[in-house]
1. Given the structure, is T77 part of a strand (DSSP E or B), within 29 Å of T311 (Cβ to Cβ) and either hydroxyl-bearing (S, T, Y) or without any contact (Cβ under 8 Å) to a residue 40 or more places away in the chain (or both)?
2. Taking the condition of being among the aliphatic types (A, V, I, L, M), open to solvent by 50 Å² or more (accessible area, probe 1.4 Å) and closer than 21 Å to S171 by Cα, how many residues in segment 44-100 meet it?
3. Contact list please: Cβ distance under 8 Å, first residue in segment 259-287 and at negative phi, second residue of a type in the set (F, W, Y) and at pLDDT 95 or above, pairs at least six apart or on different chains.
4. What are the pairs with Cβ atoms under 7 angstrom where one residue, in segment 105-119, is more than 17 Å from G36 (Cβ to Cβ) and the other, located anywhere, is part of a loop (DSSP other than H, G, I, E, B) and open to solvent by 60 Å² or more (accessible area, probe 1.4 Å)? Sequence gap at least six, or different chains.
5. Looking for something within 22 Å of R333 (Cα to Cα), out of contact with any Asp or Glu (no Cβ under 9 Å at 6 or more places or on another chain), open to solvent by less than 50 Å² (accessible area, probe 1.4 Å) and of a type in the set (S, T, N, Q) - is there at least one such residue anywhere in segment 240-256?
6. Any residue in segment 316-338 that is without any contact (Cβ under 8 Å) to a residue 40 or more places away in the chain sitting within a Cβ distance under 6 Å of a residue that is surrounded by fewer than 19 Cβ atoms within 10 Å (Cβ to Cβ)? List the pairs, counting only those 6 or more apart or interchain.
7. Under the condition of being out of contact with any helix residue (DSSP H, G or I) (no Cβ under 9 Å at 6 or more places or on another chain) and assigned to a loop (DSSP other than H, G, I, E, B), which residue from segment 167-185 is surrounded by the most Cβ atoms within 10 Å (Cβ to Cβ)?
8. Give me the pairs, please: first residue somewhere in segment 214-235 and closer than 20 Å to V195 by Cβ, second residue anywhere and of a type in the set (D, E), beta-carbon distance under 6 Å, and either six or more positions apart or on two chains.
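The values are calculated or read from the model by the stated rules, or taken from the named source; none is laboratory data. Computed from a predicted model, the values in this text were never measured in an experiment. Heads up, the Cβs are rebuilt from the backbone with ideal geometry, glycines too, and the neighbour counts pull from every protein chain shown. Please note that ligands, DNA and RNA were not included when accessible areas were found on the heavy atoms of the full protein model with its side chains. Shrake-Rupley method; radii C 1.70, N 1.55, O 1.52, S 1.80 Å.
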Amino acid sequence: MPLARRAAPALLTAVAAVAVLAAPAVAGPVAPVPAGCTGSAPVICHFDVAPGTYRVTARIGGVTEGRTTVIAETRRTVLGETPTAAGHQVVRTFTVNVREPEGEPTGASGSPGLDLAFDGPAPLLAGLRVAPAPRTPQLFLIGDSTVCDQLGSPYTGWGQELPQYLRAGISVANYADSGESSQTYLDQPQLFPTVRPLIRRGDTVLIQLAHNDKQTTEADYRANLTTMIGAIRAEGGRPVLVTPIVRRWFNADGTLDNGTALLVNGLGVDLPAQIRLLAAEHDVPLVDLTALTRQRVEELGPDASKALYLTDEKRDNTHTSERGATEYAAMVRDALRDQHLLPGRLFR
């Protein structure tokens, strides 16, 4: 769920910033909690800011050993577990996209402003700075429920876990939405019609739409993705096609079923194959997440692969667990880095 909003003063406007606390490396048995934050495990911080892009700098650590993870807005992991030795602090900087609604574009509005949770096995927060970063390049995500900022645990989209792999200097703007096909994503006012005018020259847009194109003809599917490619380029952005994550449906021999698992739809259209063809025809970069996730699921096999999905929790072999989403986000990170689709300095 979205992070709970806590009572806190209005600390930010669109042009102001919260300063890092001037805390020494060892400040006594209990470190002071930064203004705007409450609690200790987790430390919850709230700032009354307008929608936009914000650069967050956190000083993590204290007199004891720490292991701190940072979650923003609707369960987005923006900093993976960070260990600190007793008596030492580290500074970590990341970027958060604040929008309304804060999760899925057609979903509940969530809480206004910026919410951060410093969590983990032993969270330690000594200082915090939040500053507007309106010129930060955007990494837009267009997709379905396997990508989106899922509201409720244990459901987790890979787009929720992607920010932890990126440094400040790029903002992940996740506009994926549950239940959307290539056609409905174009048609819904909150989706492509909202994303398109936000794209600026140099922004990168990842497109993964296939799971809900169950009865889409080959011609319509190709036309829909081609429309998105052209519109993104017209705004100066760079489209990147992403084949869909596999469903966890095994054959008796331990391989994945070629139909259900590999996204061949009810009309016999091999959707990942069409994405690969379109990428080649339109000279669009391709992240073949179908091939990557198939390799991983088959490697783990029918039993161990359950941990990547919600098989045991929800009898769901399509949607990923936090572990699965984290592994699949790392695959996307690796592909973006290996194909030089983002500058190397932006990868954590």
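1. yes
2. Residues in segment 44-100 being among the aliphatic types (A, V, I, L, M), open to solvent by 50 Å² or more (accessible area, probe 1.4 Å) and closer than 21 Å to S171 by Cα: 1 in total.
3. T260/W249; A261/W249; A261/F250; V269/Y221; L271/Y221; Q274/Y221
4. Pairs found: P105/Q190; T106/Q188; T106/Q190; G107/L151; A108/L151; S109/E100.
5. No: zero hits.
6. From segment 316-338, the pairs are R323/A307; R337/F347.
7. Pass one, segment 167-185, residues out of contact with any helix residue (DSSP H, G or I) (no Cβ under 9 Å at 6 or more places or on another chain): 178-180, 184.
Restricting the remaining residues to those that are assigned to a loop (DSSP other than H, G, I, E, B) gives 178-180.
On the way: S178: 21, G179: 13, E180: 28.
Here the residue is E180.
8. Correct list of pairs: Y221/D213.
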